Every structure is written in structure tokens, then in C-alpha cells.
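Asks: Got a structure here, written out as C-alpha cells. Questions coming.
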């Protein structure tokens, strides 16, 4: 019985990873951020990755556009764990370390010359992500369901090299960027893909 319960917990955790990644992607698209052709992936161990163009820490430029890019990225990052917790409140949080580290780095950059306390900015962006997830839940749920219905295939070499999967040479379910874009089109949401060779 205990083994059955553990297996069910693991299955639910794996499913919740799809909601995590669907949350990232949906928040990104609804904020006008571009998709990447490598799409959205989850493995059989409960890890996943979403490919969309977002702000990376390290550029300290602080124009209005820079701040907007950071804020959109933070909201998209928060939307992942919020979506996962909505689907599976008891899911482990160990896979959120990378998201959290990026959020913290971007917040430091955003608040370097701001009068508002960092905690105030963070709370505001987290609330924005919560509202976005709530309003878009059916879209997130639909995308996660389509991803979970995909057959398991061997992890591609490019994904192994990315090191997001616990499985290394294991199995994954995935949708490419064109499939993700088509999903949003059916939901009457405009999504665009930006090529990898475009800065």
C-alpha cells in the first residue's frame, strides 16, 4: 500500500511538471514574449524545461525596456511553480531552485536604483503572476494536457547537453515551438516564434 501511494505521488509529481512548464510558457506568451522552436519538455522523473526568449541576469542596463523585460521574465518564472502548486499542492519544490535563483538575480538588478524596497517589487510581481495563472487556468490546463498526452521518446542529445533532466538518457514528452504556437492559435491567443539566429 505504501509503495502504491509512493508511485501515485511520483506520477502526480511528473504530471505537475507539465503544469509547471505550461505555466511558464502561457505567462510568457500572454506578456508578448517570443517562443523558441525547441518548445516545452518534461521527463519521466518530474523535471522539465520551457524554451522562450527571456531576460537573463548579467546585463545591468536599466532603461524602461530593460526593467520591462526583467518584470515580464520574473512573472513568467513565478507562473511555473504557481501553476504546479495549483495542480498539485503537495509537489516537492526542489526543481524550483533555478527559477528562484534567476528571479532573485533579476530583482537585484531591477531594484539597484529604485526607491521601492525589493520585497515590495517582488510581492507585486508575484501577485501579478498569481492573477495571470488564475485568469488563464483553462489555457494552462489545456497545454499541460496536450503535453502529457504525447508519447514518450528518448531524450534528444541537445536536451541531454542542456542538463535539465534527471534522466540523462531517459525518456521525455515534448512539443516543439510550432505545436505550442498552434495550440495558442486555437485558443485565439497570438504567439510568435523567434529564430535562434536572431539577437
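Asks: Of the conditions (1) outside any helix (DSSP H, G or I); (2) surrounded by 21 or more Cβ atoms within 10 Å (Cβ to Cβ), residue 57 satisfies every one except a single condition; which number is it?
Replies: Condition (2) is where residue 57 drops out.
Asks: Go through the stretch 151-163 and count every residue that is in contact (Cβ under 8 Å) with a residue 12 or more places away in the chain and either assigned to a helix (DSSP H, G or I) or surrounded by 16 or more Cβ atoms within 10 Å (Cβ to Cβ) (or both).
Replies: Summing the residues that are in contact (Cβ under 8 Å) with a residue 12 or more places away in the chain and either assigned to a helix (DSSP H, G or I) or surrounded by 16 or more Cβ atoms within 10 Å (Cβ to Cβ) (or both) in the stretch 151-163 gives 4.
Asks: Hey, another quick one. Give the residues of the stretch 55-90 that are within 11 Å of the chain's Cα centre (by Cα) and within 16 Å of residue 164 (Cβ to Cβ), sorted by residue number. Quick ask: steps written out before the conclusion?
Replies: Within the stretch 55-90, the first condition is being within 11 Å of the chain's Cα centre (by Cα), and the residues that meet it are 73-84.
Matches in the stretch 55-90: 77, 80, 81, 84.
Asks: Confirm whether residue 6 is assigned to a helix (DSSP H, G or I) and either within 15 Å of the chain's Cα centre (by Cα) or at pLDDT below 90 (or both).
Replies: Working: assigned to a helix (DSSP H, G or I): yes; either within 15 Å of the chain's Cα centre (by Cα) or at pLDDT below 90 (or both): yes.
Yes, satisfied.
Asks: What's the number of the condition residue 171 fails, among (1) touching a residue at least 12 places away in the same chain (Cβ under 8 Å); (2) out of contact with any helix residue (DSSP H, G or I) (no Cβ under 7 Å at 6 or more places or on another chain); (3) surrounded by fewer than 17 Cβ atoms within 10 Å (Cβ to Cβ); (4) over 22 Å from residue 10 (Cβ atoms)?
Replies: (4)
Asks: Another question, then. Criterion first (under 16 Å from residue 148 (Cβ atoms), surrounded by fewer than 23 Cβ atoms within 10 Å (Cβ to Cβ) and either modelled with pLDDT under 95 or out of contact with any helix residue (DSSP H, G or I) (no Cβ under 9 Å at 6 or more places or on another chain) (or both)) does residue 63 satisfy it?
Replies: Working: under 16 Å from residue 148 (Cβ atoms): no; surrounded by fewer than 23 Cβ atoms within 10 Å (Cβ to Cβ): yes; either modelled with pLDDT under 95 or out of contact with any helix residue (DSSP H, G or I) (no Cβ under 9 Å at 6 or more places or on another chain) (or both): yes.
It is false that residue 63 is under 16 Å from residue 148 (Cβ atoms), surrounded by fewer than 23 Cβ atoms within 10 Å (Cβ to Cβ) and either modelled with pLDDT under 95 or out of contact with any helix residue (DSSP H, G or I) (no Cβ under 9 Å at 6 or more places or on another chain) (or both).
Quick grid of which residues meet (1) at pLDDT below 95; (2) touching a strand residue (DSSP E or B) at 6+ places or on another chain (Cβ under 8 Å):
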| position | (1), (2) |
| --- | --- |
| 112 | yes, no |
| 164 | yes, yes |
| 188 | no, no |
| 196 | yes, yes |
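Asks: Still on this structure, please answer the following. If you go through the stretch 109-134, how many residues are part of a loop (DSSP other than H, G, I, E, B) and either in contact (Cβ under 8 Å) with a residue 12 or more places away in the chain or under 26 Å from residue 21 (Cα atoms) (or both)?
Replies: Let us first name the residues in the stretch 109-134 that are part of a loop (DSSP other than H, G, I, E, B), namely 111-117.
Now drop any that are not either in contact (Cβ under 8 Å) with a residue 12 or more places away in the chain or under 26 Å from residue 21 (Cα atoms) (or both), which leaves 112-113.
Within the stretch 109-134, residues that are part of a loop (DSSP other than H, G, I, E, B) and either in contact (Cβ under 8 Å) with a residue 12 or more places away in the chain or under 26 Å from residue 21 (Cα atoms) (or both) number 2.
Asks: Hey, does the stretch 90-99 have a residue that's within 20 Å of residue 141 (Cβ to Cβ), assigned to a loop (DSSP other than H, G, I, E, B) and out of contact with any strand residue (DSSP E or B) (no Cβ under 7 Å at 6 or more places or on another chain)?
Replies: Yes - at least one qualifying residue is present in the stretch 90-99.
Asks: Then there is this: When residue 106 is evaluated against the numbered criteria (1) closer than 12 Å to residue 23 by Cβ; (2) over 15 Å from the mean Cα position of the chain (by Cα); (3) in contact (Cβ under 8 Å) with a residue 24 or more places away in the chain, which criterion, by number, is the only one it fails?
Replies: Just one mismatch for residue 106, condition (1).
Asks: Yes or no: residue 41 in a loop (DSSP other than H, G, I, E, B) and surrounded by 15 or more Cβ atoms within 10 Å (Cβ to Cβ)?
Replies: no
Asks: Regarding residue 70, is this residue farther than 18 Å from residue 17 by Cβ and crowded, with 19+ Cβ neighbours inside 10 Å?
Replies: yes
The values are calculated or read from the model by the stated rules, or taken from the named source; none is laboratory data. Treat the numbers as computed from the prediction; the structure is a model and nothing was measured. Reconstructed Cβ throughout: ideal geometry from the backbone, glycine too, with neighbour counts over all protein chains shown.
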